[in-house]
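A short write-up of the structure that comes next.
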Amino acid sequence: MTKRTKNATILADLAVGDEARVIAVNGEGRVTNRLLEMGVVPGATVSVVKAAPFGDPIQIRVLGYSLAMRRREAEMIEVAK
Amino acid sequence: MEGTLAAKHITVALAGNPNAGKTTLFNALTGLKQKVANYPGVTVERKEGSWQLGDSNATLIDLPGLYSLDATSLDEQIASDIIRGQQQGIAKPDVVIAVVDATNLERNLYLVTQLFEFGVPVVVALTMIDVFEKQKHEIDVEMLSAILKVPVVAVNAKSGRGIDELAEKATSVIGTTQQIPYSFEEQEESGARGKIFARYSFISNAVQESTWHSDQSSHLVSDKIDRVLTHKFFGLVILVGILLVVFQTIFSWASLPMDLLESGFGALQETVKSALPEGILADLISDGIIAGVGGVVVFLPQILLLFLFISLLEDSGYMARAAFLLDKLMSRVGLHGKAFLPLISSFACAIPGIMATRTIENRRDRFATIMIAPFMSCSARLPVYTLMIGAFFGGQYVFGFVSVGALLMLLMYTIGIVFAVGAAFILKRTILNAPPPPFLMELPPYRLPNLRTVFQNMLTRAWQFLKRAGTVILAISIILWALMYFPRSGQEPVVSSQQTEVAADQQPAESVQLRQSYAGKLGHALEPVIQPLGFDWKIGVALIASFAAREVLVSTLSIIYNVGKDENEESETLITAVREAKKDDGTIAWTPLTALSLMVFFVLAMQCMSTLAVVRRETNSWSWPIFMFVYMTVLAYVASLITYQGGKALGFE
């Protein structure tokens, strides 16, 4: 586990339309690596495009393309507005 | 150098992200000279073609669509094995063509950086460049090439732009060593993470230096479409609407060619009967082979149409949206959003449905989807439902306008879905227990599907279907025919008492034959087991036969009731015959309750050899198909028993 910054915001908490910068991707293993490989790396700009019906999963934009993920995954991504 | 090149057969691999235009480029490079097979032991599709490379013909291997080569999924494992030259039966590629989508440059280049690290010569084929430029962005191809230190060629499969240059560049790098244009050393983090960071920081730099972006947003059109198609409320309404239209079209468009095929096979049977001398050979060919194989081949139009729609929905980018919309619902049951498509396909036929589960990465999620797919009421059950409803519920209405037939049909589909949901719920909490699968899926920009790719896909599937009809179904048909044909009743002159009895009942020869055949004996042996469900031994024979394929029930019943094998389920005569059929004790064989019990049995039972064979292949084990057969058939038996006995207790007959 990477240490959490104080008062960190997580991607899952952002509202639709919010834009933020990735600070860290927490956790280990396959999912974390896959998130990184898909371009969700520290320094990247992400924005929340929309949430699916029933609120989950969410659609974000990163590196200019659309990526869908569940809130579970979005909770691992630490961001700063 | 020249000499060795000419002597050695060249192998080229095509790698790229999903939706990067890889298939389109593959088709453009190889034309129709391609073949699809599976890699030994696994279900990843292996596509190969021949590519004219200078004077020689190179083998072009289409790798599965990949985001990464880290070998976390089966596709990635196979792709990296091939590139390393460790895949059995495939030569190590002399060069890898990396297909890169210009409109999604950074993420697409990630795979390219991984390819560098494999030490295989790489040529980058830049696709979608016309779309990129239309959005008023610019890209300096030479600059990009200089930074990446490999040739970069802008290609357009449709117009042929860059295709010759690609061949030229590919030939020129064979045998060379390219250096990795970045290093891992300056990274703070070590291990896998450090490598990922190093690759992306290099990419980010390369893209910044070689491209110029206008303010015009590239995702504007897709976002506008998504405002409607993935709308919280209308998105779901439209999804249901699209499915309705697709299924309605599959059934209505397919009905004419299916009728033609059916009468074609009927005519063929007649021709064989009249052309060949009467006897066992003529019977085998017409009643066994043509009737059996024909009965399955008539579904070809439906299969073709289903794959047409699946390809269109997938290539346009809509399928990913459907998974996005439904993931929450699917995850409640423990399934992945991607399980939705295979399950929907299974309403046409479980076989393409089960093959479509390949997109689900996690093995347990995939198997759970496979295990419930056959509960979806497939098109082979339709003839059975239609016959039963036509015979016992035709022309009946509730509230004056709702047809009982339509209600029953809806009920059968619902029963299937309810059992599928229940089974998935239990499976995912027991033998296929796994944490909720991660859901990380690209929503690709909407694109007009490439018709050539769509049709090629359709033809491939159709061919696979026909091949199965020609092998598995052919074998089963012959066996079933033989079981009903032997031993010949004429060969046993001793049974005179039975013959008199038969004469009294005025039963035609075929019924006597059936009674004395192996199938008939099997039916009699089965009778005590199926009697509680309301079935007599003749229904038992049809039931045994229908375990090969569900629709066989209809043709078997028509043999049994002696109305000739060409009658289809809509024929008045078969309907009348079923209505009037008598048990051996003279009482009526079928009641509406029997029909209902049979329909319930058909919703739930695993009566399809081809599906079991596909499950065997896809799971690479015998235990899964056996388990599937047992649990589904036991459920069917119990549900049918409850229907019949419960109905009787409530006073229905």
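The values are calculated or read from the model by the stated rules, or taken from the named source; none is laboratory data. What you are looking at is a predicted structure, and each value in this text was computed from that prediction instead of being measured. Here the Cβ is made from the backbone with ideal geometry for all residues, glycine too, and neighbour counts use every protein chain on show.
Taking first residues from the stretch B:95-122 that are closer than 14 Å to residue B:65 by Cβ and more than 14 Å from chain A (Cβ to nearest Cβ) and partners that are buried (at least 23 other Cβ atoms within 10 Å of the Cβ) and of a type in the set (Phe, Trp, Tyr), the Cβ contacts under 9 Å between residues at least 6 apart in sequence or on separate chains come to B:99/B:26. For the stretch B:296-316, the set of residues classified as over 25 Å from residue B:445 (Cβ atoms) and part of a helix (DSSP H, G or I) consists of B:296, B:297, B:300, B:301, B:302, B:303, B:304, B:305, B:306, listed by residue number.
One line per residue, one yes/no per condition, for (1) in contact with a strand residue (DSSP E or B) (Cβ under 8 Å, 6 or more places away or on another chain); (2) of a type in the set (Gly, Ala, Ser); (3) farther than 26 Å from residue B:26 by Cα:
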site: B:111; (1), (2), (3): yes, no, no
site: B:123; (1), (2), (3): yes, no, no
site: B:126; (1), (2), (3): yes, no, no
site: B:145; (1), (2), (3): yes, yes, no
site: B:153; (1), (2), (3): yes, no, no
site: B:166; (1), (2), (3): yes, no, no
site: B:169; (1), (2), (3): yes, no, no
site: B:177; (1), (2), (3): no, no, no
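For the stretch B:77-95, filtering for residues that are over 29 Å from the mean Cα position of the chain (by Cα) and either in a helix (DSSP H, G or I) or under 16 Å from residue B:154 (Cα atoms) (or both) leaves 1. Residue-level check: of (1) surrounded by fewer than 21 Cβ atoms within 10 Å (Cβ to Cβ); (2) part of a helix (DSSP H, G or I); (3) at the interface with chain B (Cβ under 9 Å from one of its Cβ atoms), residue A:42 misses just (2). For the stretch A:30-54, the tally of residues that are out of contact with any Asp or Glu (no Cβ under 6 Å at 6 or more places or on another chain) and either of a type in the set (Val, Ile, Thr) or farther than 22 Å from residue B:108 by Cα (or both) stands at 12.
Of all the numbered requirements in (1) farther than 23 Å from residue B:65 by Cα; (2) under 17 Å from the mean Cα position of the chain (by Cα); (3) within 10 Å of another protein chain (Cβ to nearest Cβ), residue B:347 misses one, and that requirement is (3). Put simply, of B:142, B:168 the only residue that is acidic (Asp, Glu), under 25 Å from residue B:8 (Cα atoms) and more than 14 Å from chain A (Cβ to nearest Cβ) is B:168.
Quick grid of which residues meet (1) surrounded by 15 or more Cβ atoms within 10 Å (Cβ to Cβ); (2) under 25 Å from the mean Cα position of the chain (by Cα); (3) within 14 Å of chain A (Cβ to nearest Cβ):
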position: B:222; (1), (2), (3): yes, no, yes
position: B:236; (1), (2), (3): yes, yes, yes
position: B:239; (1), (2), (3): yes, yes, yes
position: B:246; (1), (2), (3): yes, yes, no
position: B:249; (1), (2), (3): no, yes, no
position: B:255; (1), (2), (3): no, yes, no
position: B:273; (1), (2), (3): yes, no, no
position: B:277; (1), (2), (3): no, no, no
position: B:281; (1), (2), (3): no, no, no
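Matching residues to (1) under 24 Å from the mean Cα position of the chain (by Cα); (2) surrounded by 14 or more Cβ atoms within 10 Å (Cβ to Cβ):
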| residue | (1), (2) |
| --- | --- |
| B:374 | yes, yes |
| B:405 | no, yes |
| B:423 | yes, yes |
| B:433 | no, no |
| B:440 | yes, yes |
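One residue is enough: does the stretch B:359-369 have a residue meeting the conditions more than 14 Å from chain A (Cβ to nearest Cβ), hydroxyl-bearing (Ser, Thr, Tyr), crowded, with 22+ Cβ neighbours inside 10 Å and over 19 Å from residue B:414 (Cβ atoms)? Yes, that holds for at least one residue. Among the residues of the stretch A:51-75, those identified as in a strand (DSSP E or B) and either facing chain B (nearest Cβ under 7 Å) or within 12 Å of the chain's Cα centre (by Cα) (or both) are A:58, A:59, A:60, A:61, A:62, A:65, A:66, A:67, A:68, A:69.
Residue-by-condition table, conditions (1) modelled with pLDDT under 90; (2) surrounded by fewer than 19 Cβ atoms within 10 Å (Cβ to Cβ); (3) hydroxyl-bearing (Ser, Thr, Tyr):
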residue: B:44; (1), (2), (3): yes, yes, no
residue: B:50; (1), (2), (3): no, yes, yes
residue: B:53; (1), (2), (3): yes, no, no
residue: B:72; (1), (2), (3): yes, yes, yes
residue: B:109; (1), (2), (3): no, no, no
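One residue alone among A:28, A:37, A:78 is of a type in the set (Asp, Glu), facing chain B (nearest Cβ under 8 Å) and out of contact with any Gly (no Cβ under 7 Å at 6 or more places or on another chain), and that residue is A:37.
Residue-level analysis places residue A:16 among those that are over 9 Å from the mean Cα position of the chain (by Cα) and either within 13 Å of chain B (Cβ to nearest Cβ) or touching a residue at least 60 places away in the same chain (Cβ under 8 Å) (or both).
Kindly indicate whether any position in the stretch B:124-134 is within 11 Å of chain A (Cβ to nearest Cβ), closer than 29 Å to residue B:160 by Cβ and either hydroxyl-bearing (Ser, Thr, Tyr) or surrounded by 23 or more Cβ atoms within 10 Å (Cβ to Cβ) (or both). Within the stretch B:124-134, not a single residue is within 11 Å of chain A (Cβ to nearest Cβ), closer than 29 Å to residue B:160 by Cβ and either hydroxyl-bearing (Ser, Thr, Tyr) or surrounded by 23 or more Cβ atoms within 10 Å (Cβ to Cβ) (or both). When residue B:195 is tested against (1) under 22 Å from residue B:117 (Cα atoms); (2) within 14 Å of another protein chain (Cβ to nearest Cβ); (3) in contact (Cβ under 8 Å) with a residue 24 or more places away in the chain; (4) of a type in the set (D, E, K, R), just one condition goes unmet, and that condition is (3). At least 2 residues being in contact (Cβ under 8 Å) with a residue 24 or more places away in the chain and within 26 Å of residue B:457 (Cβ to Cβ) is the threshold, and among the helices (runs of 4 or more DSSP H) wholly inside the stretch B:325-443 those reaching it are B:340-345, B:350-355, B:363-372.
For (1) surrounded by 11 or more Cβ atoms within 10 Å (Cβ to Cβ); (2) within 30 Å of residue B:316 (Cβ to Cβ); (3) hydrophobic (A, V, I, L, M, F, W, C), each residue gets a yes or a no:
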| position | (1), (2), (3) |
| --- | --- |
| B:152 | yes, yes, yes |
| B:157 | yes, yes, yes |
| B:172 | yes, no, no |
| B:190 | no, no, no |
| B:197 | yes, no, yes |
| B:201 | yes, no, no |
| B:204 | yes, no, no |
